[in-house]
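Shown next, in structure tokens, is the structure this report addresses.
The values are calculated or read from the model by the stated rules, or taken from the named source; none is laboratory data. For clarity, every value in this text was computed on a predicted model and none was experimentally measured. Ideal geometry is used to build each Cβ from the backbone, glycine not excepted, and the neighbour counts take in all protein chains shown. Ligands, DNA and RNA are stripped out before the accessible areas are found, and what is left, the full protein with its side chains, is counted by its heavy atoms. Shrake-Rupley method; radii C 1.70, N 1.55, O 1.52, S 1.80 Å.
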Amino acid sequence: MELLADEEFRRGFNLKGLNSIRDGHGAIKSFRLGERTPKWFLCQWNSRHNLIDGNFTVEDGKYNICDESKSLTVINNRKLVFELDAGKEYSAPRKESEAWPHLLIEQEITANNAVKDLKKIICHARFKLLEFTNFMDGEKEYHAAQFVWVLTLKDCNPKSPSFNSFIWVVFCPFDSRYELVPLFTQQDKALPDGEFIYSFAGKDFMPKSLWDGEETEVNFDLYPRIPHILETAQSKGFMTGSKAEDLVVSSTNMGFEITGTYKCRVSVEDLKIITE
């Protein structure tokens, strides 16, 4: 079974605002193809520019949503090209405490997603680094261009003490600081009461670095890793009331988080989450 709805992006995207606390998570605009409601959201958290005022162009075989700093292109219903130019986002090098711009696609997953009913959760996509430009002078550890793919594992058992808590499970195929990213686990500090992040080491899910300039395929079964992910979260004080059978795959998002002054462009093809 395919967990993603509209995996070919034929319906377009609903746009979210610039700040989740101020603007909420509802659509502020729809970049719609045809009459059907989009299944995907386009997120632009903390950007200086707002895609609500951007351009939406539809041509034969592709469409594009863009503003001064951000662009998302869909080509032949199978290829995505993300571009975020943080040189147009920052007026000075970002300080450690400052927010950073995002360009993400996002979808809620509501059916056939209970971990207890599954045997496999295959996360598949092909990635390629198309462009990377560094405008930084005197970089810090907290300056990076990251392209991430995130799934959430959420406790949906109303009787569980950790009901509605979740874990950010992250694949990071590109981080400008590394050839392949190291394992990373900690609380999400972007929000006041952030949930737990479990970010896989790059060597665990991809055969080679995107720095090579060649396409890299990710074909990774998340299912057998879930007990360890939950155990790791619980060892840090998160999801302590949850059992693996309480969990569902509740959402996914993918795209850029750029915490320094960089311009980056990445393509993604054949994005799928397949379960058995």
Handout entry: Within the range 140-153, considering residues that are of a type outside the set (Phe, Trp, Tyr) and not in a strand (DSSP E or B), the one farthest from PHE200 (Cα to Cα)
Key = LYS140
Handout entry: Selection count where residues are of a type in the set (Lys, Arg) and farther than 29 Å from GLU131 by Cα, scope the range 183-227
Key = 1
Completion exercise
Restricting attention to the range 151-171, the residues that are open to solvent by 10 Å² or more (accessible area, probe 1.4 Å) and hydrophobic (A, V, I, L, M, F, W, C) number exactly 5
Exercise for the section: Would you check if SER242 is surrounded by fewer than 19 Cβ atoms within 10 Å (Cβ to Cβ) and more than 21 Å from LEU271 (Cβ to Cβ)? Expected result: no
Practice task
Considering only residues that are surrounded by 18 or more Cβ atoms within 10 Å (Cβ to Cβ) and touching a helix residue (DSSP H, G or I) at 6+ places or on another chain (Cβ under 8 Å), look in the range 124-143 and name the one that is nearest to VAL218 (Cα to Cα).
Solution key: PHE127
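In the range 9-32, what residues are assigned to a helix (DSSP H, G or I) and either surrounded by 15 or more Cβ atoms within 10 Å (Cβ to Cβ) or within 17 Å of the chain's Cα centre (by Cα) (or both)?
Narrowing the range 9-32 to residues assigned to a helix (DSSP H, G or I): 20-23.
Selection gives SER20 alone.
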Practice task
State all residues of the range 64-88 that are more than 21 Å from PHE127 (Cβ to Cβ) and either free of Cβ contacts under 8 Å to residues at least 60 places away in the same chain or crowded, with 21+ Cβ neighbours inside 10 Å (or both); if no residue qualifies, say none.
Solution key: ASP67, GLU68, SER69, LYS88
Practice task
For residues that are closer than 18 Å to THR152 by Cβ and of a type in the set (A, V, I, L, M, F, W, C), scanning just the range 245-276, find the one that is most open to solvent (accessible area, probe 1.4 Å).
Solution key: ILE274
Exercise for the section: Could you identify the single residue in GLU108, GLU98 that is open to solvent by 30 Å² or more (accessible area, probe 1.4 Å) and touching a strand residue (DSSP E or B) at 6+ places or on another chain (Cβ under 6 Å)? Expected result: GLU108
Exercise for the section: Starting from residues that are outside any helix (DSSP H, G or I) and touching a Leu at 6+ places or on another chain (Cβ under 8 Å), keep the ones in the range 202-239 and report whichever is surrounded by the fewest Cβ atoms within 10 Å (Cβ to Cβ). Expected result: GLY213
Handout entry: First in the range 235-248 and touching a residue at least 60 places away in the same chain (Cβ under 8 Å), second anywhere and in a loop (DSSP other than H, G, I, E, B) and surrounded by fewer than 14 Cβ atoms within 10 Å (Cβ to Cβ), Cβ under 7 Å, 6 or more apart
Key = GLY241/PRO161
